[in-house]
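Inspection log for the structure reproduced underneath, given as C-alpha cells.
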Amino acid sequence: MKILVLNAGSSSQKSSLYDINVLKNIVSPPQPLWEAMIDWTVNSNYGLLKVEAKGVKITLELPTNNRQTGIKTMLNTMIEGETKVIEELTDINVVGHRVVHGGKKYYQATFVTEEVKATIKELIPLAPNHNPSHLEGIESIEKINKEIPQVAVFDTAFYSTIPDYAKIYPIPYQYYQEGIQRYGFHGISHQYVSQRTAEILDQPLNSLKIITCHLGNGCSITAIKDGVSINTSMGFTPLEGVMMGSRSGSIDPAILTYFMRKYDYDGDKIDEILNKKSGLLGVSGISADLRTILQKIEEGNTQAKLAFDIYIHRIQEVISSFLPSLGGLDVLVFTAGVGENSAIVREKVCEKFGFLAMKLDKKKNLNLSIDTNIATDDSHVKILVIHTQEDWAIAKQCYHLINR
Ligand code: ADP
C-alpha cells in the first residue's frame, strides 16, 4: 500500500511516501520511498523544495510561492526525473494529512469528507497558521484525483482521554461550553514516542508511567498512564505550558490586562509579543534557536544564561506537576530538535530529579545512539531519547483505517 503523508506547517510543507504491505512485521520505522520538504520562508517570492529518494537528493527553487502550485511540483518529483518512485500519482492508495486542530469533534483519524473539511475551516480561528495549509493540501490532492482516499490525523486527538479536572479551565463554565478547554498539541508525536517507549523497553505500554518532553521550536510535555494521556502542558492554544523558542508559555494572565491598560495593546499586539517575541528570544534578546543561546553562554553572555536557566526551570516545573496524577514515574522521554540533540538540556533537566532516584549516565547522554535509554543501570527512572516520526505515525494510522 502506497501511503503519502502531507505534513503542512505555517512555514514548511513536509511530505513522505511509504510503501507498507504488512504492518505487523515492521518493528522500527522504515525509510520512506520518497521524502520532500518545501521551505516557504527562504524568500517571499518562492519556496525552496528539497527531495530525497533512491539515494538521490535534489534542491529546486519553486518559481512561485503559491502553495498549491508548489505542492503539485513537489508531487511530480515522485513520477518523473531522478527521484521517480511511482508511475502515476494515482498509484497512491491513500493520503494522510497531519491536521493541527480537530476541536471537540475529531478524536481519531478520519476519512476526509465535505463535513471534515468544513470543520477544519471552522477551526481556523483556533489554528490560524495551520488549518488553512491543511485545506490547501487536501484540495491539491482532490485536483489530482477526487477518488484517492484522504485521511485527517489530528494533533489534538491523543488528548481525548484527559480527565475533566485537567481539561477544564477554572473560569466561568459557560466558556467551556463554548469550546474553551485544554486541547493539547503535538499529540501525534507524544503518542508515537510513548508507543515506541514500550517497544524499546519491551514492556506493555499500559504498565508504564511516562512523561514525554517534545522540545522543538514549540515545546510541550505530556503525562501518559495506562497507555493514554492524562495531562499535557499545551492548552487551548499551543502557547500554554513551558517556555519555547519565541513563545512565552504560561504566564500570569493579569500581565495581559496590565499590557492592555498601561500600553493600550490590542489582541494582535499581545499575540505577537507572546508568540513571536518571548521565550528564549525574548529573555536573551539574541535568538529563539537554542544552539545560538548555548554558543552565547560559552562566550559569557549572562542574558543568554538567564534565558537558558528559565527554560530548564519551566520544564522541571511541568514534569514535577505531573507526578501526583501519574503516581510516580517509570520513564522520562526526550524528543524533537532540542530533546534529541541537546545533551546539556537533558542533563540539566534530569539533574534536579535525584529525589526520584533518576540518574542520567553522562557518557551515554553525550555519545548518543537514537531510540535509546541514557539512564544509569541503577536509575529508578528510565530516560529515553527517541527520534519522533510524526509522518510514520500518520502513515500507520492511515493503514489501520483503510484496513478496518
Ligand atoms: P519544529 O518544532 O519546528 O518541528 P524541531 O523539532 O526541528 O522544530 O526543533 C528545532 C529546534 O531544535 C531549533 O530551533 C534548535 O533550537 C533546536 N536544535 C536542533 N539541533 C540542536 C542542537 N544540536 N543543540 C541544541 N538545539 C538544537
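The values are calculated or read from the model by the stated rules, or taken from the named source; none is laboratory data. Only a predicted model underlies this, so the values are computations on that prediction, with no experimental measurement involved. Backbone-built Cβ (ideal geometry, glycine too); neighbour counts: all protein chains shown.
Data for the structure
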read-out: Subset of segment 195-217 [within 16 Å of the ligand (Cβ to nearest atom) and surrounded by fewer than 22 Cβ atoms within 10 Å (Cβ to Cβ)]; value: GLY216, ASN217
read-out: Selection from segment 350-383 of residues that are out of contact with any helix residue (DSSP H, G or I) (no Cβ under 6 Å at 6 or more places or on another chain), part of a strand (DSSP E or B) and not β-branched (Val, Ile, Thr); value: ASN373, ALA375, LYS382
read-out: Close pairs (6 angstrom Cβ cut-off, 6 or more residues apart or separate chains): assigned to a helix (DSSP H, G or I) in segment 261-273, modelled with pLDDT of 95 or more and not acidic (Asp, Glu) anywhere; value: ILE270/LEU256; ILE270/PHE259
read-out: Count of residues meeting criterion [assigned to a helix (DSSP H, G or I) and either without any contact (Cβ under 8 Å) to a residue 24 or more places away in the chain or under 24 Å from ILE370 (Cα atoms) (or both)] in segment 286-307; value: 14
read-out: Condition met for LYS72 (among the basic types (Lys, Arg), surrounded by fewer than 22 Cβ atoms within 10 Å (Cβ to Cβ), over 22 Å from PHE111 (Cβ atoms) and touching a helix residue (DSSP H, G or I) at 6+ places or on another chain (Cβ under 7 Å)); value: yes
read-out: So GLY339, is it small (Gly, Ala, Ser), assigned to a helix (DSSP H, G or I) and closer than 17 Å to ASN365 by Cβ; value: yes
read-out: Any hit, segment 135-152, residues being within 17 Å of the chain's Cα centre (by Cα) and touching a residue at least 60 places away in the same chain (Cβ under 8 Å); value: no
read-out: GLU87 being on the phi < 0 side of the Ramachandran plot, assigned to a loop (DSSP other than H, G, I, E, B) and modelled with pLDDT of 95 or more; value: yes
read-out: Qualifying residues in segment 332-357 (those that are buried (at least 23 other Cβ atoms within 10 Å of the Cβ) and among the β-branched types (Val, Ile, Thr)) - the one nearest to ALA375 (Cα to Cα); value: VAL333
read-out: Any pair with Cβ under 7 angstrom, 6 or more apart, that starts in segment 378-401 at a residue that is among the hydroxyl-bearing types (Ser, Thr, Tyr) and ends at one that is outside any helix (DSSP H, G or I); value: SER379/ALA357; SER379/MET358; SER379/LYS359; THR388/HIS214; THR388/THR335; TYR399/MET1; TYR399/ILE3; TYR399/ILE20
read-out: Of the criteria (1) part of a helix (DSSP H, G or I); (2) touching a residue at least 60 places away in the same chain (Cβ under 8 Å); (3) within 22 Å of GLY249 (Cα to Cα), which one PHE334 fails; value: (1)
read-out: Of all residues in segment 181-194 being among the small types (Gly, Ala, Ser) and over 10 Å from the mean Cα position of the chain (by Cα), the one that is surrounded by the fewest Cβ atoms within 10 Å (Cβ to Cβ); value: SER194
read-out: Checklist (1) surrounded by 15 or more Cβ atoms within 10 Å (Cβ to Cβ); (2) away from the ligand (no atom under 14 Å from the Cβ); (3) over 20 Å from the mean Cα position of the chain (by Cα); (4) among the polar types (S, T, N, Q) applied to SER321, failing item; value: (1)
read-out: Hits in segment 326-340 - residues which are more than 11 Å from the ligand (Cβ to nearest atom) and among the β-branched types (Val, Ile, Thr); value: VAL331, VAL333
read-out: Filter result for GLY241 (within 15 Å of the ligand (Cβ to nearest atom) and touching a Pro at 6+ places or on another chain (Cβ under 8 Å)); value: no
